[in-house]
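What follows is calculated from the coordinates using simple rules that are stated; it is not laboratory data. None of these values were measured; they are calculated from a predicted model. So basically every Cβ, Gly included, is an ideal-geometry build from the backbone, and we count neighbours across all protein chains shown.
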Amino acid sequence: MSKMASDYGAINLSQGFPDFPVPDALVDLVRKHMIEGHNQYAPMPGLIDLREQIAEKVFRLYQRKIDPDTEITITAGATEALHASISAIVHPGDEVIVLEPAYDSYIPSIKLNGGVVIPVALHPGDFSVNWDVVKEKVNNRTRMIMINTPHNPTGSIFSAQDLEQLAEITRNTNIVVLSDEVYEHIVFDGERHQSVLRHEELLQRSVAVFSFGKTFHATGWKVGYCIAPEILSTEIRKVHQYLQFSVHTPTQFALAEYMNGLKSYQYLTDFYQQKRDLFLKLTENSPFKALPAKGTYFQLFSYQEFSSMPDRKLAEHLTQKSKLASIPISVFYHDQTDNHYLRFCFAKGDETLVRAAEILCNL
Ligand code: PMP
């Protein structure tokens, strides 16, 4: 959709990337570390200074002590962390429960490793998890359950109750929870992010995945990390070693220094909540119906009431004719379930959101 947006000169609210600059101080630090000569391979699991900063942040946010030496691995973005985790844990014939709509890298990664995808649809509308259905799908071949909160593409979030249910379902099993938490700082309306790291029991069987791309407006830097108990981290690192080996060194130095003592991510909640509220207000008179977005920088709209056009077709039509690009939600389902929803990324300057909303209101 980004390519189509560019080909047709459309406003691009499709792909999830911010159009705000990376903080100057962080860019200056990358430059500084390059000039200082930090340009050779970093250690395989990541720079220890950065892993220590992450451990401190996890303690601050989730009151959990993580061993930076054995439990944190720096990866080439969350995508590599997800793929390395799946490769390390899922073997041919193993079943992996995936909640759909699902971020697009999950299913290909499971299949590449010979895993069997067991999709469970989230409830259309509020995108809550039906844990009874998840429970029914669990058997002795289930190796992994993948979760994502705050959730891309729907903007829904887990409650503490969701974590409880997950803990109950996985109790006394060998199931690993792979928890994609790249939007951990983008949770609205006073809610709090329910990280698996908060949960004493789930923590023991989970890999939690994060991305600096989302936190510092630097999706193109592709630096992320995963946190898992030593026994899992050891296996994940065996894959990471040959998939990537190590991650861009000056960026790791810069991130470590930038994070030091600074609560440099805390403004994100208010920042994105203002964007969400602005976009909702600007689009309230459009024929689209906004679905509740509790987190992430995506807003879902339903067009059930005014068109029966397939969502892919409408997304293409909007891009080509109205010059506004979005993402059809059916692409996030293995069977292209189409509930007539489009996703718009509001991580954009206010002027861009105003122009996009005008297009939606004038449809
Ligand atoms: N998981 C989710 C839910 C995402 O939205 C994204 C990025 N769009 C990723 C993982 C990948 O993150 P990264 O760019 O750090 O690989």
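Sort 140-148, 223-231 for me by packing, meaning the mean count of neighbouring Cβ atoms within 10 Å per residue, highest on top.
Peptide ranking by packing, descending: 223-231, 140-148.
Provide the gained length on full extension for the span Glu201 to Gln241, in nm with one decimal, where the gain is 0.36 nm per separating residue minus the Cα-Cα distance.
Gain on extension, Glu201 to Gln241, equals 11.5 nm.
Which residues' amide hydrogens lie under 5 Å from the amide hydrogen of Ile118, considering only partners 5 or more residues apart or on another chain, with H built in the peptide plane?
Val96, Ile97, Val98
Compute the distance in nm between two label points, each set 7 Å from the Cα along the Cα-to-Cβ direction, one at Lys289 and one at Asn172.
4.4
Can you put Ile175, Ile110 in order, fewest other beta carbons within 10 Å first?
Exposure proxy ranking, most exposed first: Ile175, Ile110.
Is there a pair in Lys3/Lys275; Lys323/Lys348; Lys289/Lys313 whose C-alpha atoms are over 20 Å apart, and which pairs would that be?
Lys3/Lys275
Where the centre of each part is set by its Cα atoms, how far does region 247-309 sit from region 96-127, in angstrom?
22
If you count, for each residue, the other Cβ atoms within 10 Å and average over each peptide, how do 242-253, 266-277, 30-41 line up from highest to lowest?
Most protected by this proxy first, the peptides run 242-253, 266-277, 30-41.
Tyr267 to Leu112: FRET efficiency via 1/(1 + (r/R0)^6), r the Cβ-Cβ distance, R0 25 Å, to the nearest 0.05?
According to the calculation, E is roughly 0.10.
Rounded if a/c is under 1.5, else prolate if a/b beats b/c, else oblate: with a ≥ b ≥ c from the C-alpha gyration tensor eigenvalues square-rooted, which is region 1-116?
In terms of gyration-tensor shape, oblate.
Kindly give Rg over Rh for the chain, based on alpha-carbon atoms, with the Kirkwood expression for the hydrodynamic radius.
0.96
Give the long-range amide H neighbours of Thr75: residues separated by 5 or more places, or on another chain, with amide H under 5 Å away, using H modelled in the peptide plane at 1.01 Å from N.
Excluding prolines and chain starts, which carry no amide H, the hits are Gly224, Tyr225, Cys226.
Return the lysines within reach of Lys238: Cα separation strictly under 23 angstrom, same-chain partners fewer than 8 residues apart disregarded; answer none if there are no such residues.
By straight Cα distance, Lys238 reaches Lys111, Lys222.
Going by how many other Cβ atoms sit within 10 Å of their own, how do Thr79, Thr296 line up, fewest first?
Thr79, Thr296
Stretched out fully, how many nm does the piece from His123 to Cys361 gain, at 0.36 nm a residue minus the Cα gap?
Gain on stretching His123 to Cys361: 82.9 nm.
Find the relative contact order for region 145-203 and round it to a whole percent, using C-alpha pairs within less than 8 Å whose residues are 6+ positions apart.
46
Starting from the coordinates of the alpha-carbon atoms of region 166-215, obtain the Kirkwood hydrodynamic radius over all distinct pairs and give the value in Å to one decimal.
11.9
If neighbour count is taken as other Cβ atoms inside 10 Å, put Asp28, Asp162, Asp311 in order from fewest to most.
So the residues, fewest neighbours to most, are Asp28, Asp162, Asp311.
If you plug each phi of region 97-103 into the Karplus form 6.51 cos²θ - 1.76 cosθ + 1.60 with θ = phi - 60°, what whole-Hz ³J(HN,Hα) values come out, in order, with x for Gly and Pro?
7, 10, 7, 10, x, 10, 3
Using a cut-off of 12 Å between beta-carbons, work out the net charge of the residues near Pro18 (Lys and Arg +1, Asp and Glu -1, Pro18 not included).
That works out to +2.
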